[in-house]
Amino acid sequence: MRGSSGSRAGGRVTMGRAPPDGPVPAPPAVAEGVGTYAFMQTQRGSDDPVGYDPCRVIEVEINPDGAPAQHDALVDTGLARVSAATGLRFERVGTTGRRPSFDTVSPRRSPVLIAWATLDEVPELAGDIAGLAGSVSWGQPGQMRYVTGTVALDRDYFDSLGPADLPMAQAVVDHELGHLVGLGHVDDPNELMHEDSLQRWTYGPGDREGMARLGNLDC
Ligand SMILES: [Zn+2]
């Protein structure tokens with residue numbers, strides 16, 4: 001996501017509507033066809049998206065090194081919003097020293113990493129790019145599922161933000177979490193998944209429809 005100039009942004013918390021061993025939560029009913037959405041990846045030969053297995057709890061680790069003071073609240077709020085929109089369940093499993101990289105990804109189940117990165121680590125964050133996120137898919141053709149992912153947020157950008165810019169910081173986090181679970185960019189400024197997404201700071205109707213589909217995949 002591109003950022004504008006502006007303000008800024010451990011534990012074990014379960015979010016979502018069911019405990020990890022409980023019934024599979026259903027994504028919410030949403031209005032269809034009233035917005036725009038796209039997927040990061042679709043199954044071979046179909047329009048069905050690649051997403052996380054909705055029966056799995058998605059474990060999330062944070063690297064607090066370089067993170068803004070409000071990083072716990074930003075992450076908790078973002079995960080709660082994605083959980084509400086998809087039915088996917090997230091569990092924060094603590095902090096980690098792992099650093100983000102989009103070059104060395106191995107397709108095995110491991111916690112999602114959320115970290116505040118430097119340009120040296122993630123050169124794609126140069127310029128006005130405030131964050132980058134993606135997940136790693138694995139499985140049989142037609143049945144690919146994400147098994148882990150990375151959210152890298154621009155340390156310098158978040159450092160430049162002040163307390164009054166918290167909604168903008170949250171919007172960056174929420175946009176990147178949208179990528180994490182499988183939403184791609186759209187050319188519609190009414191959606192948070194617009195590449196620049198400066199016209200709105202919360203998920204739009206198409207974002208919500210796409211996320212409901214991502215939460216409604218087969219287990
Ligand atoms: Zn983006």
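Just to be sure before I move on: is VAL122 closer than 27 Å to ASP47 by Cα, of a type outside the set (Phe, Trp, Tyr) and within 16 Å of the ligand (Cβ to nearest atom) in the structure I sent?
no
Out of curiosity, is ASP174 of a type outside the set (A, V, I, L, M, F, W, C), closer than 17 Å to ASP72 by Cα and open to solvent by less than 20 Å² (accessible area, probe 1.4 Å)?
Answer is yes for this residue.
Just to be sure I understand the filter: pairs with C-beta atoms under 8 Å, separated by 6 or more residues or on different chains, first member in the stretch 184-198 and under 17 Å from GLN41 (Cα atoms) and β-branched (Val, Ile, Thr), second member more than 9 Å from the ligand (Cβ to nearest atom) and not in a loop (DSSP other than H, G, I, E, B). Which pairs pass?
VAL186/GLY206
Can you spot a residue in the stretch 208-216 that is within 29 Å of GLN143 (Cα to Cα), of a type in the set (S, T, N, Q) and assigned to a loop (DSSP other than H, G, I, E, B)? Please lay out each step first, then the result.
Quick first cut of the stretch 208-216, residues within 29 Å of GLN143 (Cα to Cα) only: 208-216.
Filter once more, keeping what is of a type in the set (S, T, N, Q): 216.
Going one step further and asking which of them are assigned to a loop (DSSP other than H, G, I, E, B), we end up with 216.
Yes, the stretch 208-216 has at least one match.
Determine, yes or no, whether VAL173 is within 18 Å of ALA115 (Cβ to Cβ) and more than 11 Å from the ligand (Cβ to nearest atom).
yes
Do you know which of the residues in the stretch 180-209 that are open to solvent by less than 10 Å² (accessible area, probe 1.4 Å), closer than 23 Å to THR150 by Cβ and touching a Ser or Thr at 6+ places or on another chain (Cβ under 9 Å) is nearest to the ligand (Cβ to nearest atom)?
The selected residue is MET193.
Can you confirm whether ASP165 is open to solvent by 10 Å² or more (accessible area, probe 1.4 Å) and either more than 13 Å from the ligand (Cβ to nearest atom) or assigned to a helix (DSSP H, G or I) (or both)? Let's see the steps before the verdict.
Details: open to solvent by 10 Å² or more (accessible area, probe 1.4 Å): yes; either more than 13 Å from the ligand (Cβ to nearest atom) or assigned to a helix (DSSP H, G or I) (or both): yes.
So ASP165 passes the test.
Okay, residues lined up against (1) part of a helix (DSSP H, G or I); (2) open to solvent by less than 40 Å² (accessible area, probe 1.4 Å); (3) out of contact with any Phe, Trp or Tyr (no Cβ under 6 Å at 6 or more places or on another chain); (4) among the aromatic types (Phe, Trp, Tyr):
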residue	(1), (2), (3), (4)
LEU119	no, no, yes, no
VAL136	no, yes, yes, no
GLY149	no, yes, yes, no
ASP156	yes, no, yes, no
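The values are calculated or read from the model by the stated rules, or taken from the named source; none is laboratory data. The shown structure was predicted, so the numbers you read here are calculated from the model rather than taken from an experiment. Quick reminder, even Gly has a Cβ in these numbers, built from the backbone with ideal geometry, and neighbours come from all protein chains shown. These area figures cover heavy atoms from the full protein model, side chains too; ligands, DNA and RNA do not enter into them. Shrake-Rupley method; radii C 1.70, N 1.55, O 1.52, S 1.80 Å.
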